[in-house]
Amino acid sequence: MFRIAAGVVLLLGLRCTASAFQAPEGLFDRFLERMEGEQRRLPDYVCTQTIERLGRASADRELQRIDTLSVDVAVTGDRELYGRPGAKNFYRKSLAEVIGTGFVSTGRFALFTRQILNTSKTMYQYQGQNERPGKPAHEFDFEVDPATSNYVLSSGGIEAKTGYQGSFWIHADTLDLLRVEVQAFDIPANLGLSEAKTTLIYSRMAIGQDSILLPVLTTATVVATDGLENVNRIQVHGCRRFQTESTLSFAPPPEPTPASHELVALPSGVVLELALEGGLNLESATVGQPLRASLVRDLRSGEKLLVPQGTVVRGQVVQVERRAMPYPTYQIGLTFDALEFGGESVPLRATLDETSPAVGLIQQSRKLAPTFQARGKARMEVLVRKVQSGEGYLEWDARKGQIPPGLKMKWRVMGEK
């Protein structure tokens, strides 16, 4: 790999530097033109990303699965937007803020490649023709200086830009991008990171009558100075036209439902008693995974029926975190945000108050203190460290299996923020 000062790059304004290999005439320009066309098409689509997060304490240990996230991703301008799968809207916060804990890599859907192909900020060097991966390909090395980089690393509340360098391969015949390999350099010492690297595998994905070039598989890795390694394996799937989805959100309002199905606004403070449908497999649970529950009994205000028994309530998983000490446990974050009533989806904002006893559920309270029963056996109450309006968190013993269908919960309706 080569290193050239940023000032030289900007002064010369070169697309490719001299090297031992001479790129075929016009090859790079044709490739850039093709990729610019692909990049212009990306805002027309929204795709689902499944992010499997893994980690290990040191390189001599096996990677262990931490959790799996599922998010929708779309490109608008110079931003990638993320949201819950199928929700047709996007988070106002960054994905890292939404997830809250652990390593998460973003920008790999479009923005990362966009900067690599920005000829005013990137230095290139042709390395000849070879096979990668298993296809005839032209190889280029590249480097982006920290001063112009969009590669941001964040650790322990500290954030810094860093330069990066790597290689990419383009198909010798179609000029499609096949693979990109990236390595950060000169990582600031105060981040506590010794290595950050990313590999993106590109392929064409059929979307209706269209075919679009996407990074279908990405592996992003960071290694701390103490040897702790975190990995994101990101797969892209379920792509569809974003323009169509956006148009639906501006459709004319439906005809009013009959008065017999009119839903009275739920007053703040009322409690919904829900039973979880289908259960939740903790080994395969993902952030963004849909949840479905039903109302156990009628919700009334005096003699007036507000919501009948059996009404479906929909939500999703907002956190899946596995802990190993003192024994394997999961912290599961849930939210329920919509009632299905009278053929409509009615927005709901409620916070978990209470969960019925169940095998595997660890007792929760708002204080951490051992209590002693008559027979002298200690029972540790688990501190609820994360109580957020509109959500609920369960501590679950991983040795006891999945969260069963029928688990009963009480959710208190919250007023507007």
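Going down the table (K88/K121; K88/K135; K304/K408; K93/K197; K197/K400), which pairs top 27 Å between alpha carbons?
Those over the limit are K88/K121; K88/K135; K197/K400.
Report ³J(HN,Hα) in whole Hz for each residue of the range 341-352, in order, from the Karplus equation J = 6.51 cos²θ - 1.76 cosθ + 1.60 where θ = phi - 60°; Gly and Pro get x.
8, x, x, 10, 9, 9, x, 9, 10, 9, 10, 5
In the range 25-122, which GluC sites (Glu not before Pro) fall in coil by DSSP and have 11 or fewer other Cβ atoms within 10 Å? All intermediate terms of the calculation are to be shown ahead of the outcome.
Details: sites: E25, E33, E36, E38, E52, E62, E80, E97; in loops: E25, E62.
Hits after loop and neighbour filter: E25, E62.
Check A110: other-chain or 5+ apart residues with amide H under 5 Å from its amide H, H built from backbone geometry?
HN-HN under 5 Å from A110: empty list.
Suppose the chain between E283 and Q22 were pulled fully straight at 0.36 nm per residue; how much longer would it get relative to their current alpha carbon spacing? Each step should come with its number before you reach the end.
Details: separation 261, 0.36 × 261 = 93.96 nm, distance 5.14 nm.
Length gained, E283 through Q22: 88.8 nm.
Take the alpha-carbon centre of the range 329-360, take the same for the range 276-294, and report the distance between them in whole Å.
11 Å
Can you give me the Cα centroid spacing of the range 113-146 and the range 75-90 in angstrom?
Each part reduced to its Cα centre gives a spacing of 28 Å.
What are the ³J(HN,Hα) couplings of the range 323-336, residue after residue, when phi is run through the Karplus curve with 6.51, -1.76, 1.60 and θ = phi - 60°? Round to Hz, x for glycine and proline.
Along the range 323-336, the couplings run 10, 9, 10, x, 8, x, 9, 10, 9, 10, x, 10, 8, 10 Hz.
Please list, in order along the range 140-155, the HN-Hα scalar couplings obtained from phi with the Karplus expression 6.51 cos²θ - 1.76 cosθ + 1.60 (θ = phi - 60°), rounded to whole Hz, x for Gly and Pro.
Rounded to whole hertz, the list is 10, 8, 8, 8, 10, 6, x, 5, 10, 6, 10, 8, 10, 10, 10, 8.
In square angstrom, what is the accessible area per residue of the range 94-226 with a 1.4 angstrom probe?
Values: 5290 Å² over 133 residues.
Value for the range 94-226: 40 Å² per residue.
When all protein chains stay in place, what accessible area (Å², nearest 10, 1.4 Å probe) is found for D298?
For D298, solvent-accessible area is about 60 Å².
At R0 = 25 Å, how high is the FRET efficiency between Q209 and Q39 if r is their beta carbon distance? Nearest 0.05 is fine. Could the numbers behind the result be given before it?
On the way: r = 20 Å, r/R0 = 0.80.
Calculated value: 0.80.
Would you mind telling me the share, in percent, of accessible area of the range 77-214 contributed by carbon and sulfur at probe 1.4 angstrom?
Details: 2690 of 6120 Å².
C and S fraction of accessible area: 44 percent.
Within the range 297-318, name every residue whose backbone N is under 12 Å away from a label modeled 7 Å from Cα of S356 along the Cβ vector.
It comes to 297, nothing else.
To the nearest 0.05, how large is the calculated FRET efficiency for T174 and S58 if R₀ is 45 Å and r is the Cβ-Cβ distance? Intermediate values should be presented prior to the final figure.
Details: r = 42 Å, r/R0 = 0.93.
About 0.60, to the nearest 0.05.
Pull out the extension gain between D226 and V270, defined as 0.36 nm times the separation in residues minus the alpha carbon to alpha carbon distance; nm, one decimal. Before the final figure, lay out the partial values.
Working: separation 44, 0.36 × 44 = 15.84 nm, distance 4.94 nm.
Gain on stretching D226 to V270: 10.9 nm.
Going by amide H atoms built from the backbone, whose H comes under 5 Å of the H on L299, apart from near neighbours?
Here the answer is L306, V307, Q309, since their amide H atoms fall under 5 Å of that of L299.
Sequence neighbours fewer than 8 away in the same chain don't count; with that in mind, list the aspartates and glutamates whose C-alpha is under 20 Å from K410.
Correct list for K410: E273, E277, D298, D337, E340, D353, E354, E381, E391, E395.
In terms of solvent-accessible area of protein heavy atoms at a 1.4 angstrom probe, what is the ranking of S149, S194, S356, highest value first? Don't skip to the answer; put the middle values down first.
Details: S149 5, S194 75, S356 35 Å².
Sorted descending by solvent-accessible area, the residues read S194, S356, S149.
Sequence-distant or interchain residues sharing an amide H contact under 5 Å with I403, placed H: which?
Counting only residues 5 or more places away or on other chains, the set is L280, L282.
How many nm separate the modelled label positions at K408 and K135, each set 7 Å beyond the Cα in the direction of the Cβ?
5.7 nm
Which order do I99, I187 take by accessible area at a 1.4 Å probe, largest first?
Working: I99 10, I187 35 Å².
The residues order as I187, I99, largest area first.
The values are calculated or read from the model by the stated rules, or taken from the named source; none is laboratory data. Just so we're clear, the structure is a prediction, and the values are computed from it rather than from any experiment. No Cβ is skipped: glycine too gets one built from the backbone with ideal geometry, and neighbour counts run over all protein chains shown. In case anyone asks, the SASA skips ligands and DNA or RNA and just uses the protein heavy atoms, side chains included. Shrake-Rupley method; radii C 1.70, N 1.55, O 1.52, S 1.80 Å.
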